[in-house]
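I have placed the structure first, in the form of structure tokens, so that the comments after it can refer back to it.
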Amino acid sequence: MSGGDMEAKLKAEINGGGGGGGVEDVYGEDRASEDQPITPWTVSVASGYTLLRDPRHNKGLAFTDKERDAHYLTGLLPPALFSQDLQEKRLMNILREYKVPLQRYIAMMDLQERNEKLFYKLLIDNVEELLPVVYTPTVGEACQKYGSIFRRPQGLYISLQEKGKILEVLKNWPEKSIQVIVVTDGERILGLGDLGCQGMGIPVGKLSLYTALGGVRPSACLPITIDVGTNNKKLLEDEFYIGLKQNRATGQEYYELLEEFMSAVKQNYGEKVLIQFEDFANHNAFELLAKYRTTHLVFNDDIQGTASVVLSGLVSALKLIGGTLADHTFLFLGAGEAGTGIAELIALEISKKTNAPLEETRKKIWLVDSKGLIVSSRKESLQHFKKPWAHDHEPIKELLAAVKAIKPTVLIGTSGVGQTFTKEVVEAMASMNEKPLILALSNPTSQSECTAEEAYTWSEGRAIFASGSPFDPVEYNGKVFVPGQANNAYIFPGFGLGLIMSGTIRVHDDMLLAASEALAAQVTEENYAKGLIYPPFTNIRKISAHIAAKVAAKSYELGLASRLPRPEDLVKYAESCMYTPIYGKYR
């Protein structure tokens, strides 16, 4: 038997069936228990120095004496033997010594490139502490400085220079069984604006959460940045900028590149690969979602993920403020992707619950943009995605005047502009409502419409408050208030897992509603007692499994799931699909 045949035979022996998150178990990880040895495959069996440099198989000081002997590692490591738990304890001690959040981010990224399983174990076991490090708010600063902290490429960079050969570029990625792609063009990174190619920090961060929180296998995740230039003058003049040094391509040139990309992804990875659009500018985000939602499995986290997590917060907040969604009046500051996406999902949920037409339920929702309240007299000049929200009312320029005129029970900020919920605005909300619901959703923390302390103080401790980025608990008049975080990380990992495990071929709005309801159902009486409208992140994998189950159930109900037969217990099935970052024993 030739060497190639032997390798193929050995690989076939360990491949097994489907694995966690529905990915083929290429490395035998799922079927290996602590007692059952596995073969650390790269292209051939990894050993010695190569094995220590392979993040998927490296265990550092956790390699046993027997493994060190068998894999030519003796002498390449210090003699001490550490368990994975001891490694975790050591690294957490090191991370806590760093005072600058960006240093922690860099340390975590270094760990991900050195020891994948340990990185995910740290993130899963310390999710509340490390989520703000690998994701918002620290990821915003990381993107701004990505050129300076860039070490090794962590995803695929597709630029205008690759036009005509995107399929070839996709084939350069070493993994073939891709199930989730997070893609950005870097034009609107969080509330920070156009960061061009440096926006790669966002897809990398999102996909680490798909694995840690949703259990999707790391090898099935692909971060992509599409570089069409940048209009950020500072970056164009920076000699260390890592992207194309030209102004952004727009119009036909831009859409042709995106069309080629979407076709190449489907051709290379098949019909069921999930493509998550991330941090595209408003005009492109709506256009791309509308164009591809009928032909591809696409999801825009800024429009749909944000909407789903906010709707969930509203549904659970009803336990605290009373009434049904239809009884409330909503006022938004910000009418971009997030604002209109949330508004549309609220209107859809009210419509489903009351059987009222969508046109009718939209009238309970008002939006304020940079020019003031969106009203019918402005209809001609409005962008298409704002038009459904232009209701009959005299024009109002300022948010405070809009609050006084509309008398909302719920105030939602998606403006990307910090300090816009002023003392007067919050006091006006508190004067009209016994328990005003205030959601300051803009990221990162510096762009939040108001802080938790401001919301509680200015409302005399009566506000129900949640934000996009995390805030510490606040003490007011002897009572401790714990602010909720309306973080998309509650929704998209479980949502993605639900789509993958059911083999869903298209995203339907009803799946977003199912995800919202599943998340709201996880909030306990104990959480409500603290004023929380979201469950704590400590149980996020359990929460993700429940969301995945509800999303998958809706997909089967709508006839959009292709993995048959339908598993009887979808929650158990979701849990069984989840990747767990525990070291295996090597032969």
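Looking at the chain, what % of its DSSP beta bridges pair antiparallel, to the nearest 5? All intermediate terms of the calculation are to be shown ahead of the outcome.
Values: 8 of 45 bridges.
That works out to approximately 20 percent antiparallel.
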Subject >> Listed residues Leu52, Leu399, Leu373: farthest to the positive end of the dipole of the chain (Cβ charges) >> reply: Leu52
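How would you order 225-233, 134-142, 255-263, 79-87 from highest to lowest mean count of nearby Cβ atoms within 10 Å?
Values: 225-233: 21.9, 134-142: 23.8, 255-263: 17.3, 79-87: 13.2.
Averaged packing, sorted descending, gives the order 134-142, 225-233, 255-263, 79-87.
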**OP:** Roll a 1.4 Å probe over the protein chains and send me the accessible area per residue for the chain in Å².
**Re:** 41 Å²
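Could you tell me the convex hull volume per residue, in Å³, taken over the Cα atoms of region 372-520?
Numbers: hull volume 20.9 nm³, N = 149.
Once divided by residue count, the hull of region 372-520 is 140 Å³.
Given the rule -39500 (n - 2.57) for each run of at least 4 DSSP H residues, summed and divided by the residues of the chain, what is its mean residue ellipticity at 222 nm, to the nearest 500 deg cm²/dmol? Present the calculation step by step, with values, prior to reporting the outcome.
Values: 25 runs with 254 residues, N = 587.
Rounded to the nearest 500, the figure is -13000 deg cm²/dmol.
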**OP:** Just reorder Tyr573, Tyr556 by solvent-accessible area, largest first, 1.4 Å probe, all chains present.
**Re:** Tyr573, Tyr556
Subject >> Tilt relative to the chain, helix 201-214 - C-alpha long axis, 0 to 90 degrees, to 10 >> reply: 80 degrees
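Quick check: with the 1.4 Å probe, what order do Asp369, Asp69, Asp392 take by accessible area, largest first? Walk me through the numbers before you get to the answer.
Details: Asp369 20, Asp69 110, Asp392 130 Å².
The most accessible residue leads, giving Asp392, Asp69, Asp369.
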**OP:** For Asp279, Asp54, Asp110, Asp327, write out the residues from largest to smallest accessible area, computed with a 1.4 angstrom probe and no ligands counted.
**Re:** Asp327, Asp110, Asp54, Asp279
Original post:
Counting only protein heavy atoms, what percent of the accessible surface of region 303-420 is carbon or sulfur at a 1.4 Å probe?
Top reply: 54 percent
Subject >> Span from the region 177-232 Cα centroid across to the region 371-405 one, whole angstrom >> reply: 33 Å
Subject >> Span from the region 276-294 Cα centroid across to the region 47-84 one, whole angstrom >> reply: 45 Å
Original post:
Trp173 accessible area, nearest 10 Å², 1.4 Å probe?
Top reply: 50 Å²
Original post:
At a probe radius of 1.4 Å, what is the per-residue accessible area of Glu454, in Å² to the nearest 10?
Top reply: 40 Å²
Original post:
How much of the accessible area of region 221-277, in percent, comes from carbon and sulfur atoms when a 1.4 Å probe is used?
Top reply: 46 percent
Subject >> In degrees, nearest ten, helix 509-520 long axis to first principal axis of the chain (Cα) >> reply: 90 degrees
Original post:
With axes computed from alpha carbons, what is the tilt in degrees of helix 306-321 against the longest principal axis of the chain, rounded to the nearest 10 within 0 to 90?
Top reply: 60 degrees
Subject >> About the Cα centre, charge dipole magnitude for region 190-260 (Lys/Arg +1, Asp/Glu -1 at Cβ), debye >> reply: 360 debye
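Relative to the Cα centre, what is the charge dipole magnitude of region 141-202, using +1 at the beta carbon of each Lys and Arg, -1 at the beta carbon of each Asp and Glu, and rounding to the nearest 20 debye?
On the way: 8 positive and 7 negative charges, 47 e Å.
Dipole size: approximately 220 debye.
Can you pull the percent of region 480-564's accessible area that's carbon plus sulfur, 1.4 Å probe, other chains left in place?
Looking at region 480-564 in its full context, I get 53 percent from C and S.
Placing unit charges on C-beta atoms (Lys and Arg positive, Asp and Glu negative, everything else neutral), compute the dipole magnitude of region 426-560 about its Cα centre in debye, rounded to 20.
Values: 9 positive and 14 negative charges, 112 e Å.
Using Cβ point charges on Lys, Arg, Asp and Glu, region 426-560 gives about 540 debye.
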Subject >> At q = 0.14, 0.15, 0.19, 0.21 Å⁻¹, base-10 log of I(q)/I(0) for region 250-377 (Debye sum, equal scatterers on each alpha carbon) >> reply: -0.74, -0.82, -1.09, -1.21
Subject >> Rounded Å value of the spacing that divides the Cα centres of region 480-555 and region 119-136 >> reply: 18 Å
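The values are calculated or read from the model by the stated rules, or taken from the named source; none is laboratory data. Note that this is a predicted model, so its numbers are computed, not measured. Positions of Cβ are backbone-derived with ideal geometry, glycine not excepted, and every protein chain shown enters the neighbour counts. Just so you know, the surface numbers come from the protein's heavy atoms only, side chains and all, with ligands and any DNA or RNA stripped out. Shrake-Rupley method; radii C 1.70, N 1.55, O 1.52, S 1.80 Å.
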